[in-house]
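For reference, the structure is listed below as structure tokens.
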Amino acid sequence: MQPSILIVEDEAPLVELLKYNIEALGYDVDVAMRGDDAETRLQERTFDLILLDWMLPGLSGIELCRRIRSRAQTSSTPIIMLTARGEEAERVRGLTTGADDYVVKPFSIPELAARIKALLRRSSPELITNALTVGDIELDRETHRVRRQEREIHLGPTEFRLLEFLMRTPGRVFSREQLLNGVWGHDVYVDDRTVDVHIGRLRKAINKGRARDPIRTVRGAGYAFDDRFQENPTRQSA
């Protein structure tokens, strides 16, 4: 699964330029052109990094940055602020509010790409490497292969993306809506029960035999992937 980036910028030509070039680097890109729209988008799904403009309609970039940092779900999400303001005092204000980096317009795409990769490497090194390992389950992004101990697990494309999404943040509980947005995509309209069906298929594939179940069902909340695997997987229901 590609690292996801939210671009919050109200200049349409710049949005188009950023989206085209960042997608070409292999990232999954979503766009919001107003601060309040971006806040709504962040409540609907998770992102691995945010490119945030300083001046925005609806809600300023500084205020949005403050709100992002105040929410537990987004408090550690890397933020790069984009602004035409180059004065030292403004840079300090942006960083003090919670931004991790600061890029002054105009900037070069290669420089921005390098900053994005550096932040992701520090905040989420699992997004840069091809291999994920949680407990006794290994997932290889490049070869699309999954192994549990010595057994190779055969998954469909959706189950593979679902497993990868869950393994990236072990222990975190995701609602069905968050899983739909993160795995199927924000603009794909499918029923919440679709998540339950694919969770059931994923469990069946990875829990053959007497293997412990790494997928935890949290009633009324959603699902989590735990490295402290549970006993009696047959009692777990999607």
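Can you find a residue in region 93-102 that is at pLDDT below 85, open to solvent by less than 70 Å² (accessible area, probe 1.4 Å) and either touching a strand residue (DSSP E or B) at 6+ places or on another chain (Cβ under 7 Å) or more than 15 Å from T77 (Cα to Cα) (or both)?
Yes, region 93-102 contains at least one residue that is at pLDDT below 85, open to solvent by less than 70 Å² (accessible area, probe 1.4 Å) and either touching a strand residue (DSSP E or B) at 6+ places or on another chain (Cβ under 7 Å) or more than 15 Å from T77 (Cα to Cα) (or both).
So for region 62-78 (the condition being under 15 Å from the mean Cα position of the chain (by Cα) and in contact (Cβ under 8 Å) with a residue 60 or more places away in the chain), does at least one residue qualify?
No, the conditions are met nowhere in region 62-78.
I'd like the residue in region 48-58 that is open to solvent by less than 20 Å² (accessible area, probe 1.4 Å), out of contact with any Pro (no Cβ under 9 Å at 6 or more places or on another chain) and not acidic (D, E) and, out of all such residues, is nearest to L6 (Cα to Cα).
Looking at the filtered set, the residue picked out is L51.
State yes or no: is G156 among the small types (G, A, S) and modelled with pLDDT of 90 or more? Explain how you work it out, then say what you get.
On the way: among the small types (G, A, S): yes; modelled with pLDDT of 90 or more: yes.
Yes.
Among the residues of region 208-238, write down those that are at pLDDT below 85, in a loop (DSSP other than H, G, I, E, B) and either hydrophobic (A, V, I, L, M, F, W, C) or in contact with a Ser or Thr (Cβ under 9 Å, 6 or more places away or on another chain) (or both).
A211, Q236, S237, A238
Anything in region 62-73 that is surrounded by fewer than 19 Cβ atoms within 10 Å (Cβ to Cβ) and closer than 22 Å to T169 by Cβ? List them, or say none. Walk me through how you get there before you give the answer.
Initially, region 62-73 is screened for residues surrounded by fewer than 19 Cβ atoms within 10 Å (Cβ to Cβ), giving 63, 66-67, 69-73.
Selection gives R67, R69, S70, R71, A72, Q73.
Answer with yes or no whether A84 is modelled with pLDDT under 90, open to solvent by 30 Å² or more (accessible area, probe 1.4 Å) and more than 30 Å from P170 (Cα to Cα).
Details: modelled with pLDDT under 90: yes; open to solvent by 30 Å² or more (accessible area, probe 1.4 Å): yes; more than 30 Å from P170 (Cα to Cα): yes.
Taking the combined requirement at face value, the residue satisfies it.
K19 fails exactly one of the following numbered conditions: (1) open to solvent by 30 Å² or more (accessible area, probe 1.4 Å); (2) touching a helix residue (DSSP H, G or I) at 6+ places or on another chain (Cβ under 9 Å); (3) among the basic types (K, R). What is the number of that condition?
(2)
From the list R145, R172, R168, R122, exactly one residue is open to solvent by 70 Å² or more (accessible area, probe 1.4 Å), closer than 18 Å to R203 by Cα and not hydroxyl-bearing (S, T, Y). Which is it? Show your work before the answer.
Values: R172 fails: open to solvent by 70 Å² or more (accessible area, probe 1.4 Å); R168 fails: open to solvent by 70 Å² or more (accessible area, probe 1.4 Å); R122 fails: closer than 18 Å to R203 by Cα.
Of the residues listed, the single one that is open to solvent by 70 Å² or more (accessible area, probe 1.4 Å), closer than 18 Å to R203 by Cα and not hydroxyl-bearing (S, T, Y) is R145.
Kindly establish whether G35 is open to solvent by less than 40 Å² (accessible area, probe 1.4 Å) and either modelled with pLDDT of 90 or more or under 20 Å from A84 (Cβ atoms) (or both). Step through it out loud before you land on a result.
On the way: open to solvent by less than 40 Å² (accessible area, probe 1.4 Å): yes; either modelled with pLDDT of 90 or more or under 20 Å from A84 (Cβ atoms) (or both): yes.
Answer is yes for this residue.
The values are calculated or read from the model by the stated rules, or taken from the named source; none is laboratory data. In this text, all values refer to a predicted model and were calculated from it rather than measured experimentally. Don't worry about glycine lacking a Cβ; one is built from the backbone with ideal geometry, like all the others, and counts go over all protein chains shown. Accessible surface is based on the protein model in full, side chains and every heavy atom, while ligands, DNA and RNA are left aside. Shrake-Rupley method; radii C 1.70, N 1.55, O 1.52, S 1.80 Å.
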